1. How high is the relative contact order of the range C:316-369, given as a whole-number percent (alpha carbon pairs under 8 Å, six or more residues apart)?
2. Give me C:Lys313, C:Lys340, B:Lys61 ranked fewest to most by other Cβ atoms within 10 Å of their Cβ, as a rough exposure proxy.
3. For the protein assembly as shown, state the average projected area of the convex hull of the C-alpha atoms over all orientations, rounded to one decimal in nm².
4. Averaged over its residues, how many other protein chain Cβ atoms are within 10 Å of peptide C:368-375's Cβ atoms?
5. Once the piece of chain linking A:Phe20 and A:Thr114 is laid out straight, how much longer is it, given 0.36 nm per residue of separation minus the C-alpha distance between them?
6. Specify, per residue and in Å³, the volume enclosed by the convex hull of the alpha carbon atoms belonging to the range C:1-107.
7. Considering chain A as a Gaussian network with a 10 Å cut-off on Cα pairs, which listed residue, A:Leu24, A:Leu124, A:Leu66, attains the greatest mean-square fluctuation?
8. If r is the Cβ-Cβ distance from B:Asn316 to B:Trp281 and R0 is 22 Å, what FRET efficiency results, to the nearest 0.05?
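What follows draws every value from the coordinates through simple rules; no lab data is involved. Since this is a predicted model, take the numbers as computed values, not measurements. Cβ placement follows ideal geometry from the backbone for every residue including glycine, while neighbour counts extend to all protein chains displayed.
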Amino acid sequence: MPHITIEYAILVPVLILQIFLFPLTTGWLMNTWVDSRRSLALQEAASHLGSIMQQMYFSLSHDTILAGSVTQKPDVPLYIENNPYTGNATLRTVVDEAQNSSKILDITFRLENTGITTTTRVILGQNALWKNSTFVSNSANTCIVAEKFENGTILLSFGG
Amino acid sequence: MMRTIEVLLVIIIITAAFIISSFFAVLPQPREVSPLNLRRLALTTLQTLDRDYDLSQIVFKPIDDPSWSELQIALAATLPPNVIYNLTVYEVSSDGAILYSPIKSISNAESLGIESEASSYLVASSNVTFNVVPEKIGEKGGGGTLYILNCSDANGWWITGYTAQSLAQDLYNLLSPYFQITIMIQNTAQLAQVLNGTALQNEVLQNAVIINTFGEAVPIPSGYYATQGNDSQHASYAKYCYILGQKVRYFNWTWVSIVGYPLYYVSNMGLFTGPNDQNTWGIYGMKLVGPAGLNAFLDGLDDKEYGNWWWDRSDNVWKYDNDWITGDLDDDPRLASVQLSSEALYYCNYYGIYPSFYHTATRALPSWINSTYHLNVTSYILNTVDGWIPGAVYRHYSPSDSNFTGALFALGLTRTPDIRLTALGILSDYKPRLYRSEYTAYGTSRFVVLQLGLVGGI
Amino acid sequence: MAGSTIDHLVSVTAFLAAILIFISLFNQILQTAAMYQRHRSLAMKCSDLLDNMLLSPGIPSDWGQTNVTPTGFGLQDPEFTQYRLSAFSLMRLLSSVGAPVYYPKTNQWYSNVTVGFGNFLLTSFSEAINYSTASRLLGINGTYGFQLTITPIVTLSISEIQSKEPLRIAVNVTGRGFPLANAAVSYCFLTVDLKGAYPAYKTTYGTVYTDEKGSTLLEFSEITKEDTSYALIAYAQLSGLIGVGYHQRVSSTGQYVMPFVDNIAEGRVIIAHSWDVHGGDNPAEIAYNATFVLLAEDFTLREVPLGADKVDKVNYGEGQPYKNVTIPTHNPGILVITYKKSAVEGGVIMMPWGISAMAFPVVFGEDPSGKEWVATDIRQVIVNDIAYQATLALWSLEGYQVIR
């Protein structure tokens, strides 16, 4: 019968397509939202950590501070949706056209088990130094360490 | 038909699911999403109110003192109208279980609601000593000694109205907080000891500052320095000034001349006892050196050879180098008054030393001495005028290296000296920091907590 | 049979359409939730950015008092810690509210912060830091837009009630929320004397207290003529809060002198004839007498000498050069210029050296109106002992995107 043919020719494939399409669409929507949420949370934590590091640097850089060390436990979450995150940084010098120089600390954070990364930049002065270290969010002793030496240089690092 | 009805049923079910999920998926209020950082606002409000220690003073007053209402007025004026606050002051005690006991509370609302944030601020009573502790010059290494010539066996000139000893005491009061150690050189014998490189009180001789409070005269020790320093061929003690310049270079001292023509006379009341041993103005115990003193000093500072004398036939006298090198800015009415430099004006406020803006410079040094004697001006105390430098710190450098080796701080002003300028000049050059320090003691601390909330809006 | 086929087709079509609609509706909810999270993150970024601006002096730390373009943006006073800002760093911010002023004799544009007639702060564009430079130095170029507003907490509104015999001036002192009652108001009253070849002024000082409404009235019996020019500078203080207010009465508003900040590092200020900037009728040569005053601890004004060029004449038009004065200090103060057009026409102009000397407000950045979502945060700050409130408005430049 022709109508039965139409029914089977059109509707069955549509039905089978729906079996695959609906979960795929739902998964895509939810993944997009979850990824977006995690990415935002990671950016927020990264930006806040960068801001803390810059404030620590400029506090120590003040002429009234001769030498000393400051440790700050940052108020960022231990986990982002049950995933810890880690951070690394590199320091580079920037010289502008007028020969005024400063340093930029590029900090890259990675959310474990997801592959989401984000980078934040912190502008520091010429006397800033960076000690290679890794920020582990779920470590019990995680902190930011800034140490000023008598020659005026300030060494920043992740602690814990 | 059935298919269509089934689809309609499906649509109804999904719509119901959407409505139910929308009911639970309530979006937060914009104020919750994007809140003010009330904690920081509270902290900065407390800091602003304590700008001049007003908050610190008020919280220690009796609870019925009218100052509390002033504090409430200031708090209300500082915060935006939609911010409600509760400021509570606690007594800090350590004698029992209760650490913080509330004393007084100021608020503009009965309750701050469910959501509020607070910041705390610890203040010390004004009964507690507040000190401004200056950074000690030399505490980071290298120097830190201040010598003030207070020789009882020498006389000064162009310090009329003062004695060298009174000037020395005033300088001691002004400057000793800024140095690791301040030593009054009590007589020329002690001066000789220092010139020989022997410490008087285990101080560090290197990099010291030596202030000559004797004006245009400089004390000369008897013995070696009087002998070696006497150029008998030219009947002058310019050789002593040359030796002084060498010592200044060797020990990297800063030699300070507080007024007039530096090193114009030498003085030792025990050595110069003759009737003609006076400066022709009635001050005895002195010998005239004249312009040769400064020229020889600069030669010694720059490690040049001593002895560039020449006979002036018209004046029938021996003269040294360029002879008279200072300028009398008083000759030109336009230049008569010299002014404090902008750097000095800035440090007036910082160190709280306020000499007059205007001065008369009759012994200003010429700027060409910088190139001739390898000097670098590190601080101008008074503005330069037409190539003349009325007051500055000149540091000597060797052409072969970048280190400074000796310095001269000369104030070429007319009498009488204003030692506030001397103090200001030294501090402007060394720039020691001032640190505020607080001492806390039992019963002298209070804890202020400012709690803030928001009303109105969405 | 055909009916069954149509039934199937209609139902499938309706079903697919309904599914698409619901997927987009659910997606809309998810997007809105994600956007709110982004807004939350914007609020935290706003707070962090404001602290970065206010708690860092910038690089180099004394950039406010020099001509260099900083390589790090910060407004903190390098002499202090915490939330104390540099009056000169704020002066170097290119104002976004006043219409820039062009001065043809220097061929330069000037950032304009003018508060009423006779109170100018015109800073050369070459000295000022613009918004795009600041964005780049803060590392938010292309990602966030901002507007930084720094306004004094205590406002003094001064108005003339009676013009002579005696002169009566009302002073109202208000805070951000409420009036400042029982505040001590210390004032400096300058009267301009036009008798000599160059104008001069004399000052009197006094202190009064505001009532419970934050108001007080000042009387000056020595003012007997309506055309006597004067300036009143008043300082109100209560419990650590200090505010500044000022008021002038001049007898020549058509022609006057205008100060332009030419070089902050060297303290050079150009004295220009107003006709060269604004035009006007009946221009004439103007004699002026400039002086610089610092605020002392007892709220009197301490004069700092300016040198021989403080008294001069300036004329208008081509071939008539502008004049200069040099301010010899980087302590904040007020440049007071009395000017005289004729024996009966003159006045007084004031310019703050350091934004806080006359409690000028600062608005720096773009206009936030019309932006989709703006987060704001507030801090109380101190600029050279004057209490200010710093507000940062921040918005994302990345639009409605949720997914990158």
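1. Numbers: 42 pairs, mean separation 15.3, N = 54.
So the answer I get is 28 percent.
2. Details: C:Lys313 17, C:Lys340 28, B:Lys61 13.
Result, fewest neighbours first: B:Lys61, C:Lys313, C:Lys340.
3. Working: hull surface 232.1 nm².
With the hull built on Cα positions only, its mean projection is 58.0 nm².
4. Numbers: counts 0, 0, 0, 0, 0, 3, 1, 5.
The mean count of partner-chain Cβ atoms within 10 Å per residue comes to 1.
5. Numbers: separation 94, 0.36 × 94 = 33.84 nm, distance 2.43 nm.
So the extension gain works out to 31.4 nm.
6. Working: hull volume 22.2 nm³, N = 107.
Per residue, the Cα convex hull of the range C:1-107 comes to 207 Å³.
7. Fluctuation is largest for A:Leu24.
8. Details: r = 22 Å, r/R0 = 1.01.
Once the sixth-power term is evaluated, E becomes 0.50.
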